[in-house]
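Shown next, in structure tokens, is the structure this report addresses.
The values are calculated or read from the model by the stated rules, or taken from the named source; none is laboratory data. Note that the structure is a prediction, hence the values are computed from the model and not measured. Using ideal geometry, Cβ is built from the backbone for each residue, glycine included, and neighbour counts are taken over all protein chains shown. Calculation scope for accessible area: heavy atoms of the full protein, side chains included, ligands and nucleic acids excluded. Shrake-Rupley method; radii C 1.70, N 1.55, O 1.52, S 1.80 Å.
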Amino acid sequence: MRKLDKKKLIKKFDKQADKYEKYLQKQQGKMFRSKMFSKASGKTLEVAIGAGLNMPYYPKSIELIGVDFSPEMLKKARKAAEQYGIRAKLQLADVEELDFEENTFDTIVSSGTLCTYQDPLHMLNQFQRWCKPDGQILMIEHGISQFRSITWLQNRLNGLAKRAIGCNMNRDIQRLLKDSDLSIEKMDRIMLGSLYLIHAKPS
């Protein structure tokens, strides 16, 4: 992705920050987020943390490192960390350009991020590197459905979604996981097979 394109993408997410803060207030997706992210422990990295939608569900004992390239999203995440009593260090950065040391984190959290990366497979393999051997990678991701009619619609609307909000609707999450270096402990597909709840570990 060219530098100019990335700047445009950041602006798209800056404009959506207020909307995501409302999602946080409504605790949108509470059932799924609570189920997944209450399992976080130790030193935890959340990539593309956005407005901090997962803050209500984290154990207060974790040490959270949150990364996002949107300044407006990080402002919302900072407020959320204070509201929910989460010890958080928030970093303005493009996670695709970061390179943490190997075996740094006990938990890595990814929530709706694979749709935006230029190279999602590379990012999955980075999770593998950054996570401790006995750590965990917890993900809630959306992607291509297992139903043809929904898949057809996702493919038709993908260009519009990408231009409007910077999101690829039709990424094949199952294929990406299979091609990655991660070991998939458990994966559930819900919402017509388009939402993936993934518990992975380094292989």
Give me the 1.4 Å probe accessible area per residue for the stretch 55-193, excluding ligands and nucleic acids, in Å².
51 Å²
How large is ³J(HN,Hα) for each residue in the stretch 45-61, as worked out from phi by the Karplus curve 6.51 cos²θ - 1.76 cosθ + 1.60 (θ = phi - 60°), to whole Hz, x for Gly and Pro?
9, 10, 7, 6, 5, x, 7, x, 4, 8, 4, x, 10, 6, x, 5, 7
Rg and Dmax in Å for the stretch 66-178, alpha carbons only: what are they?
15.8, 44
Over the chain, calculate the relative contact order: mean separation of alpha carbon pairs under 8 Å at least 6 apart, over the residue count, as a percent.
19 percent
Under 5 Å, built H, 5+ apart or other chain: amide partners of Gln136:
Thr107, Ile108
Listed by chain and number, the residues whose amide H is under 5 Å from that of Ile65, excluding neighbours fewer than 5 places away on the same chain and using placed H, are Thr44, Leu45, Glu46, Lys89
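Output needed for the stretch 36-130: three equivalent-ellipsoid semi-axes, defined as square roots of 5 times the C-alpha gyration tensor eigenvalues, in descending order, whole Å. Before the final figure, lay out each step's value.
On the way: eigenvalues 79, 49, 25 Å².
Taking √(5λ) for each Cα gyration eigenvalue gives 20, 16, 11 Å.
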Using a Förster distance of 22 angstrom, determine the FRET efficiency expected from the C-beta separation of Lys11 and Arg78, and round it to 0.05.
0.65
Using a 1.4 Å probe, how large is the accessible area of Leu192, given in Å² and rounded to the nearest 10?
100 Å²
Excluding Asp181 itself, what net charge comes from residues whose Cβ is under 12 Å from its Cβ, given Lys and Arg +1 and Asp and Glu -1?
+2
Under 5 Å between amide H atoms, partner at least 5 residues away or on a different chain: which partners does Asp172 have, H built in plane at 1.01 Å?
Ile144
Report the local net charge at Ala81: Lys and Arg +1, Asp and Glu -1, summed over other residues whose C-beta lies under 14 Å from its C-beta.
+2
Can you give the log10 of the normalised intensity I(q)/I(0) at q = 0.12, 0.19 Å⁻¹, computed with Debye over equal Cα scatterers of the chain?
-0.57, -1.58
Give me the percent relative contact order of the stretch 133-203, please, defined on Cα pairs under 8 angstrom at least 6 residues apart.
47 percent
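Ignoring ligands, DNA and RNA, what percent of the 1.4 Å accessible area of the stretch 78-169 is carbon and sulfur?
Working: 2420 of 4800 Å².
Carbon and sulfur together cover 50 percent of it.
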